[in-house]
1. Hey, can you tell me all the residues within the range 382-409 that are in a loop (DSSP other than H, G, I, E, B), more than 27 Å from the chain's Cα centre (by Cα) and among the charged types (D, E, K, R)?
2. List every residue pair whose Cβ atoms lie under 6 Å apart, where the two residues are 6 or more positions apart in sequence or sit on different chains, the first residue falls within the range 392-406 and is under 12 Å from residue 322 (Cα atoms), and the second residue, located anywhere, is open to solvent by less than 80 Å² (accessible area, probe 1.4 Å) and outside any strand (DSSP E or B).
3. Filter the range 288-337 for residues that are β-branched (Val, Ile, Thr), more than 24 Å from residue 173 (Cα to Cα) and touching a strand residue (DSSP E or B) at 6+ places or on another chain (Cβ under 8 Å) and give the result.
4. State the number of residues belonging to the range 80-114 that are closer than 19 Å to residue 68 by Cβ and either in contact (Cβ under 8 Å) with a residue 40 or more places away in the chain or not in a helix (DSSP H, G or I) (or both).
5. So the check is Cβ under 7 Å with 6+ separation or different chains; which pairs have a first residue in the range 182-200 that's in contact (Cβ under 8 Å) with a residue 40 or more places away in the chain and a second one that's surrounded by 14 or more Cβ atoms within 10 Å (Cβ to Cβ) and of a type in the set (A, V, I, L, M, F, W, C)?
6. Based on what the data block shows, is residue 370 under 16 Å from residue 146 (Cβ atoms) and among the polar types (S, T, N, Q)?
7. Among the residues of the range 299-317, what is the count of those that are surrounded by fewer than 16 Cβ atoms within 10 Å (Cβ to Cβ) and modelled with pLDDT under 95?
8. I'd like the residue in the range 271-298 that is touching a residue at least 12 places away in the same chain (Cβ under 8 Å) and among the small types (Gly, Ala, Ser) and, out of all such residues, is surrounded by the most Cβ atoms within 10 Å (Cβ to Cβ).
Amino acid sequence: MHSSSPASSVRSHALDVLTDWQKSGRFAAELLDERVRMAALSPPNAAFLHDIVLTTLRNVTLLDFWADHLTGGKHLDHRTRWLLRIGLCQLFLLGVPSHAAVNETVAAAGRSGALVNAVLRRAGREEAALRSMSEEQPLSVRYSHPEFLVRRWIKIMGKAKTEALCQWNQEPPSTYVRLNGLHEEASTRLAQMPELEDLGDGFYRCEAAPREALKQGLCYAQDPSTAHAPRMLAPKPGEMVLDACAAPGGKTTLLAELMCNEGRIYACDASSVRLARLRDNLTRLKVRIAQVNAFDLLSDATPPFGDLQFDRILLDVPCSNSGVMRRRIDVRWRLQEAEFASLAETQKSIVESALRFLKPGGSLVYSTCSIDPEENQGVVKAVLASHPEMEMLESRLVFPPKDETDGAFAARLVKHA
């Protein structure tokens with residue numbers, strides 16, 4: 001039975017969300033939103049639930065290292081293991097007072113209460129030794145990243161950069177919004193909001209998303225790294241632009257802004273499910289020049305734009321998301337090593353398919369939110385090798401610990417006339 005105290009019920013909710021996450025394969029953020037809504041949690045309890053769940057998921061390997069040491073490697077069922085992770089997370093990572101962390105987690109534990117109680121009390125007594133033992137563990141344990149990924153990164157960028165990246169991924173991400181230049185009152189209204197920190201270039205950092213301003217289309221929630229590709233494409237008013245992987249629309253709206261809402265953008269996406277959100281975002285942000293269509297560049301379907309040729313094409317392709325692991329908590333636990341090669345193949349096919357719609361003299365920007373060379377420089381190199389009519393003019397890799405934003409890659413290719 002779950003205790004009815006609000007504090008222990010937050011731990012019960014955390015346990016339910018985490019066991020559901022493991023069983024269902026759904027995204028943590030989605031499960032959390034659903035749980036907060038269904039349980040009608042107060043803002044402080046909702047925030048605490050987010051903290052427990054996300055910090056636990058970010059640190060699973062480290063928490064297991066401590067739990068295994070404390071239980072002598074005893075076999076634990078999934079539920080008990082999640083309870084110990086939740087308890088140790090509060091004790092060692094969230095700074096919850098020991099009595100509350102132990103008592104409330106035990107109250108949520110039910111049948112495994114005695115074991116959870118004994119292990120967490122021992123953890124409290126041995127905290128200094130446990131922390132010092134974890135410092136001597138490999139990066140994959142200390143920073144809870146899959147071993148294959150740490151190995152891969154060390155090979156690509158060396159140990160110091162890998163450690164900096166792992167460390168970066170362990171922190172909760174900042175919330176950013178981009179000013180919507182298509183809304184005539186946006187800059188005046190946002191300037192009057194003291195909770196927004198102006199970073200320049202139309203971006204603001206904030207503690208919490210400004211819900212009302214977002215709803216009114218004054219701004220859009222977006223990391224600064226996502227602006228590099230549209231700005232590199234640099235579309236001009238009156239041009240014909242194809243945004244071929246457009247949903248949910250953050251980059252499309254910036255393209256429309258750069259074009260002063262003049263010209264035409266074909267905003268397409270392979271996922272028809274995501275088109276409703278794309279349309280909604282474009283409408284709210286006052287984009288008048290975009291036509292939204294379901295279109296998969298890899299299908300044999302007739303394009304919705306017929307045989308039109310474009311001045312500029314933006315390809316923000318599906319990728320490993322290896323640059324946004326701080327923000328997307330599930331990525332590190334879902335990614336498989338073999339995916340890098342298969343993603344690179346798909347990415348190359350998408351670029352090659354798009355090239356037929358590019359005018360001679362036109363520009364194509366290839367972009368990912370990956371920091372992996374196989375998906376980035378590797379794909380560009382492969383495309384250039386088989387398309388002598390294309391030339392790369394510039395590229396940019398955003399590395400999170402250095403640039404202090406999400407990771408991203410963009411390269412601008414031009415088609416010789």
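1. 389
2. 398/225; 398/407; 400/168; 400/407; 406/223; 406/225; 406/323; 406/324
3. Once the filter is applied, which keeps residues that are β-branched (Val, Ile, Thr), more than 24 Å from residue 173 (Cα to Cα) and touching a strand residue (DSSP E or B) at 6+ places or on another chain (Cβ under 8 Å), the range 288-337 yields 289, 292, 313.
4. Of the residues in that region, 5 qualify.
5. These pairs meet every condition: 182/256; 182/285; 182/287; 183/218.
6. Answer is yes for this residue.
7. 8
8. 290
The values are calculated or read from the model by the stated rules, or taken from the named source; none is laboratory data. Small disclaimer: the values here were computed from a predicted structure and weren't measured. Cβ sites come from the backbone with ideal geometry, for glycine too, and all protein chains shown count toward neighbours. These accessible areas exclude ligands, DNA and RNA; they are computed on the full protein's heavy atoms, side chains included. Shrake-Rupley method; radii C 1.70, N 1.55, O 1.52, S 1.80 Å.
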